[in-house]
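Below: one structure, written as structure tokens.
The values are calculated or read from the model by the stated rules, or taken from the named source; none is laboratory data. This one's a predicted model, so the numbers in the text were calculated from it and none came from an experiment. Here the Cβ positions follow ideal geometry from the backbone for every residue, glycine too, while neighbour counts run over all protein chains shown. Note: accessible area is taken over every heavy atom of the protein model, side chains too, but ligands, DNA and RNA are not part of it. Shrake-Rupley method; radii C 1.70, N 1.55, O 1.52, S 1.80 Å.
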Amino acid sequence: MFLKEVAAARQGRYGEMITKNLAAGLPVSGIWHLFAYKPEMTQLLSAFTEAIMRGPSPLTIGQRELIAAVTSATNRCAFCTGSHVAVATELLGNEDQVRAACTNPETAPLTEAEKVLLHFVRKITKEAHRTDQADIDELKAAGWSDEAIYDAINVCALFNFYNRWNDANGTPDMSHEAYALSGKRLATKGYV
């Protein structure tokens, strides 16, 4: 991590998680340090993330995690890509499918509707200012409701924030095994 005070933070619930994992010899997810640094602020972010990623939606939790993974891969955020590929894999049960979606949704083994949605996610990640009614019309023609589109936009926007937050703070990449552990935890316990 670039900021030493942030790396040393042990406040709040995430600080407790860091201390517990270190004592047990388990991996510590670098993002926990970001949450432990100013918990009075980041607890709100954690609750917001839980609402977007686990709240009621026509998108499944697995689809939302796949959107997080594709957004992160598009932004080349190694930490968030690794984290959300692991969660999506845990929920969808197919790592090859998840990785293929992150590489090129148009050729991935997905439904046509999912391909259209993930193409849109990549577009708004790279050039949201170019979004127009034709994009929305294409999503609706593929069968997505206003609520599903709105929720996909929220997941994408949230992970554009997370990608920048992690990369700019120097959140380190982890091993495949550490991501798998984190993926299992997030898949079963969520974000709060």
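Note on region 109-131: residues that are within 14 Å of residue 74 (Cβ to Cβ) and open to solvent by 30 Å² or more (accessible area, probe 1.4 Å) total 6. For region 98-108, a residue qualifies if it is buried (at least 16 other Cβ atoms within 10 Å of the Cβ) and in contact (Cβ under 8 Å) with a residue 12 or more places away in the chain, and the qualifying residues are 98, 99, 101, 102, 105. Among the conditions (1) buried (at least 24 other Cβ atoms within 10 Å of the Cβ); (2) touching a Pro at 6+ places or on another chain (Cβ under 6 Å), the only one that residue 66 does not satisfy is (2). In region 14-43, what count of residues is obtained for those that are over 19 Å from residue 174 (Cβ atoms), exposed (fewer than 15 other Cβ atoms within 10 Å of the Cβ) and not acidic (Asp, Glu)? Number of matching residues: 2.
Take residues that are more than 21 Å from the chain's Cα centre (by Cα) and tell me which of the helices (runs of 4 or more DSSP H) falling wholly in region 1-70 contain 1 or more.
4-7, 12-24, 39-54
Considering region 149-189 alone, what residues qualify as being farther than 23 Å from residue 99 by Cβ and open to solvent by less than 20 Å² (accessible area, probe 1.4 Å)? Those that are farther than 23 Å from residue 99 by Cβ and open to solvent by less than 20 Å² (accessible area, probe 1.4 Å): 149, 170.
For (1) among the polar types (S, T, N, Q); (2) free of Cβ contacts under 8 Å to residues at least 60 places away in the same chain; (3) over 18 Å from residue 121 (Cβ atoms), each residue gets a yes or a no:
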site: 55; (1), (2), (3): no, yes, yes
site: 62; (1), (2), (3): no, yes, no
site: 68; (1), (2), (3): no, no, no
site: 71; (1), (2), (3): yes, no, no
site: 74; (1), (2), (3): yes, yes, no
site: 80; (1), (2), (3): no, no, no
site: 90; (1), (2), (3): no, no, yes
site: 96; (1), (2), (3): no, yes, yes
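Every condition in (1) within 21 Å of residue 42 (Cβ to Cβ); (2) among the aromatic types (Phe, Trp, Tyr); (3) free of Cβ contacts under 8 Å to residues at least 12 places away in the same chain is met by residue 159 except one, and the failing one is (3).
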